[in-house]
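The values are calculated or read from the model by the stated rules, or taken from the named source; none is laboratory data. These numbers come from a predicted model, not from an experiment. For neighbour counting, all protein chains shown are included, and Cβ atoms are generated from backbone atoms with ideal geometry for every residue, glycine included.
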Amino acid sequence: MKKLLAIVVLGLVWNVNANSEIIRLKCITKYQDTRHPDDLNSKDPIYYNIDTNKTDTIITDNHISHYAANALTPDTKFLSYEVINRYDGSLLFKSVTVPNDVFNNFFRLNNKYNEKETKELKRTVDKFFYKNKTSKDGIYLEEKGECTSLKKKF
């Protein structure tokens, strides 16, 4: 019985590893709208290695998305999201500074968002994006680009 249980457990472990995949992408920024203190105008490609087993990236049939709450300094808190369309390769990245209470609401989730929370984070980022863009305060960044899948040649 113990041997049978060991075989079943090992089979499940191997099966999970066999189903994992690394998605490799090359993305090029085509458009940028920003009020950011750093020089962000680089047109160099960005390379992504996306592990399908990681929980901080949401992978569906339609898109690959990543949501984050980051503090660059104690006074500068950012919310951001990045969505890559799996059919046309389009990339949308938005990042904005937000007040501490808004930041803490999403930071407590530790990059593990469900569908309701991702929709709320996107709405919050979009709201503060337009608020920061029309006011003199706040930092915002929007990038649109195009991604292509990288395959090994040999």
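Listing for the model above:
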read-out: Residue, nearest to Leu79 (Cα to Cα), within region 90-117, restricted to residues that are free of Cβ contacts under 8 Å to residues at least 40 places away in the same chain and in a loop (DSSP other than H, G, I, E, B); value: Val98
read-out: Verdict on Tyr48 being at pLDDT 85 or above and surrounded by 13 or more Cβ atoms within 10 Å (Cβ to Cβ); value: yes
read-out: Residues that are within 15 Å of Gly138 (Cα to Cα), among the hydroxyl-bearing types (Ser, Thr, Tyr) and touching a residue at least 24 places away in the same chain (Cβ under 8 Å), drawn from region 54-77; value: Thr76
read-out: Of all residues in region 51-63 being modelled with pLDDT under 90 and part of a strand (DSSP E or B), the one that is nearest to the chain's Cα centre (by Cα); value: Thr57
read-out: Pairs where the first residue, in region 130-154, is outside any loop (DSSP other than H, G, I, E, B) and of a type in the set (Gly, Ala, Ser) and the second is buried (at least 17 other Cβ atoms within 10 Å of the Cβ) and modelled with pLDDT of 90 or more, C-beta under 7 Å, 6+ apart; value: Gly145/Cys27; Gly145/Thr29; Gly145/Leu91; Ser149/Leu25
read-out: Residue identified as assigned to a strand (DSSP E or B) and in contact (Cβ under 8 Å) with a residue 12 or more places away in the chain among Tyr81, Tyr87; value: Tyr81
read-out: Matching residues in region 67-101 - criterion: being crowded, with 19+ Cβ neighbours inside 10 Å, over 15 Å from the mean Cα position of the chain (by Cα) and not charged (D, E, K, R); value: Thr97, Val98
